[in-house]
Amino acid sequence: MTQPPNQPPQGGFGAPQDPPPGGGFGAPQTPPQGPPQPGYGYPQQPGPYNSGPYASGPYGQPQQPGPYGQPGYGYPTQPQFPGAPGTPPPGGPGSRNPFKGKPAMVIGAAVAALLVVGGTVWAVSGDDGKKDKKPVSKPTDDPEPGGSSGAPVNPGDGSGDGGEDPENLNEGRQAGESKVLWYKEAPDAPGSGADAPGMWITDKTAVKAVYKELSAYNIGDGAPTWDTITFPQEICAVTQEKTADDKVVVAYKNGKSDSAECNQLQLVDLNTGEKGWKQEVAEGALFDSVLSIEMSLAGDTLMVGRSMSGTAYDVTNGKKLFDTKKYGDACFPSGFAGGERLIQVASCGAGGNNEHDELRELDPRTGKVKWTYAYEKGWRVDHTFSVDPVVVHASNEDKDSWNIATFTAGGKVRSQVGVDEDFAPECGWAVLSRSLQSCQAAAVDGDTLYLPTVASGGANEIVAISLADGKEKWRVKSPVAESMQPMKVEGGKLIAYVKPSYDSGGQVVAVPTGGSDHKPVKLMQNPQGVADIERDFYSKAIDWVDGRFYISTTRLTGNDESKEKLMLAYGK
C-alpha cells in the first residue's frame, strides 16, 4: 500500500506476507523520475545548518556514532583528528565497525509489509503493480615495476637531495623484499596539528601537500624535482584527482584566525611546480559557509562545494562556469562528486515533514540537471564509491542500517547491495560540506564493487559484489593475519594492500578478478626492517603506480617531541 503525495502516513507496517510470485525478494524498484513530489516518504537528512554555531535543534547533525563507526561521524562537534583534545587514536577504545548495522534494500512506500527472506527481514512495498518506486529499507539483524636503483633519500626535513642514507633503511633487507627508494619526514606543524590532504603521482614526480607546503620528489630517488611551494596560509582543501595534463588545484585559507575562510584557489602543475591561475571563492548567502570547502574535478570542470551551495570553474583558466544554489522545497546543495560525471547531493526540507536527501547528475559545463532521485525520509547520502557507474552509500541512523545503490545512466536504481556483512571502506569526513569521495579502501571496476570486511582475528576479506544484482560474486581472504584493502583494478586484477604487522612489512598483492581462482599473488613484500615506519603512519594515503608503492600521512599531530613521518616510497 502506498500513500498519495502530500498526505500523512496512515498506520504502520503490516503483517509479514509471502514472497512475491517467482520466489525471493525480487529486483529493487526504481524511483519516479522528474521533480520529486513533496510529502511523506523521503529519506531524512539533517538540514543546511549542520555544524558550527548553527547546529542546534532540528538543524544540527546527530552526534551519535554514525554508520562508519568513527566517533562523531558526520559533522562532529569536536575535531576528530590527530592533535585534537580528547581524540582517541585510530582503532583505539570507542571505535566502531565502519559498516555497523545491516544492509537495507530500499523499496519505497509510506506503508510497507514485512517480508522475511533467507532469515533477513526487509521492508517491502505493497503489491500495487507500480514499478517506479523509491527504495526504502529496514533490515534485521602482474604489473612490472619501473626501473629505479636509487638509494633511499636521507630522511631529514623533506628537502634531502638523494644519495646518502644515514639511517640505512635497507640494511638487513631479505631476498625478495622490496627496498625503500626514499623516505621523507614532515615539516613542523603547529601544536594543534595540520592537514596533509593530497598525494599525486605522475610519471616523473610524487607530489605531497602538507600544512602550508607543496613538495615534489623524483619518483626514483626522492630528489626534489622543483622548489617547494610555500603558501601564505594553511592548505585547507585539494583536488584529490589530477587533470589529464597533471595539474591540481590547492585551496588555502585567507588568514590565521579560527574564522579564516578556505577560499583561495591556486592551480599548480605537478611536473614543473609552475603556478597557473589564482581565484577567490565568493562568499555564499547567510549561513552558506566557506570556512571549509570540498573540491572535485569532472573533466575540465572544477566543482567547489560550500556548506549550502557550489560554484563551478573551468579548470584550464579559472573562469566561473555556473553556481548551484537553493532550489525546490528548500533543497541546499551539500556535496559533490566528480570524475567522468558530476554528481550533487542536496539537503531538502530541513526540519519539516518533507526533510530528505536528493541525488542529482549535473552537466559539468552548464550545471543543467540531467536527473534527480529523492531518497526516503530518514536516509542520508554519505559517500559515492563511483560516479561512472554511480554507486552511492546511504545510511539511516535511526534504523542502524545502510544501503548501497547503483544507478543507471538515467538516474533509476539499477541494483542494491544485499550482502549482509560488516564492511570497512575507510571513509573520512568533512567539517561543513560533505566529503563524498573520501573512501580509499574501496574500488569499482566495470560491473563490480570491491569492499573490505572488518578484520576478524587480524585477517579480513575483500568481497566482490555485482553491480547488476547486488549479490556477492566471490570473496578472498587476506593472505596473512592482517587486514587487506582494495586499491584499484589494473589489467583484470584487483590490486590490494596488506597492512604490515609488528614483525613483517606490508604487501601489495594482485587478485585475479575473472575465472574461479581468486588467490592473491604477491607483487611486493616490503622489508621487515622498515615495518615500524610503514605501520605507524597515524592516518595515511596509499597508491600503487608503475610497480612502486607510496604511502604518506594525511594529518600531522603537531607533536614536537620527534619528527613526524611524511612519505615513504618502495620499489624493486
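First measure r as the distance between the Cβ atoms of S539 and D422, then evaluate 1/(1 + (r/R0)^6) with R0 = 22 Å and state the FRET efficiency to the nearest 0.05.
Step by step, r from the Cβ atoms, then E = 0.55.
How long are the three semi-axes of the equivalent ellipsoid of segment 424-572, in whole Å, if each is the root of 5 times an eigenvalue of the C-alpha gyration tensor, listed from largest down?
26, 20, 14
DSSP loop trypsin sites (Lys or Arg not before Pro) in segment 216-295 with at most 14 other Cβ atoms within 10 Å of their Cβ, which ones?
Answer by residue number: K256.
Sort all Cα-Cα distances of segment 341-457 into consecutive 10 angstrom bins from zero, then give the percent of pairs in each bin up to the one containing the longest distance.
12, 44, 35, 8, 1, 0
DSSP loop (so not H, G, I, E, B), at most 15 other Cβ within 10 Å: list which trypsin sites (Lys or Arg not before Pro) in segment 448-544 pass both filters.
In loop regions of segment 448-544 (DSSP not H, G, I, E or B), the sparsely surrounded trypsin sites (Lys or Arg not before Pro) are K471.
K368 to K319: FRET efficiency via 1/(1 + (r/R0)^6), r the Cβ-Cβ distance, R0 25 Å, to the nearest 0.05?
0.90
Which value, in Å³ per residue, describes the convex hull spanned by the Cα atoms of segment 173-256?
127
Which trypsin sites (Lys or Arg not before Pro) does segment 354-440 hold that lie in a coil by DSSP with at most 15 other beta carbons within 10 Å?
Sites meeting the loop and neighbour criteria: R365, K368.
For the pair L286 and D560, how long in nm is the line joining their label points, each one 7 Å along Cα→Cβ?
It is 4.4 nm.
Bear in mind that the values in this text are calculations on the coordinates, not laboratory data. Here the structure is a predicted model, which is why all the values come from computation and not from measurement. Quick reminder, even Gly has a Cβ in these numbers, built from the backbone with ideal geometry, and neighbours come from all protein chains shown.
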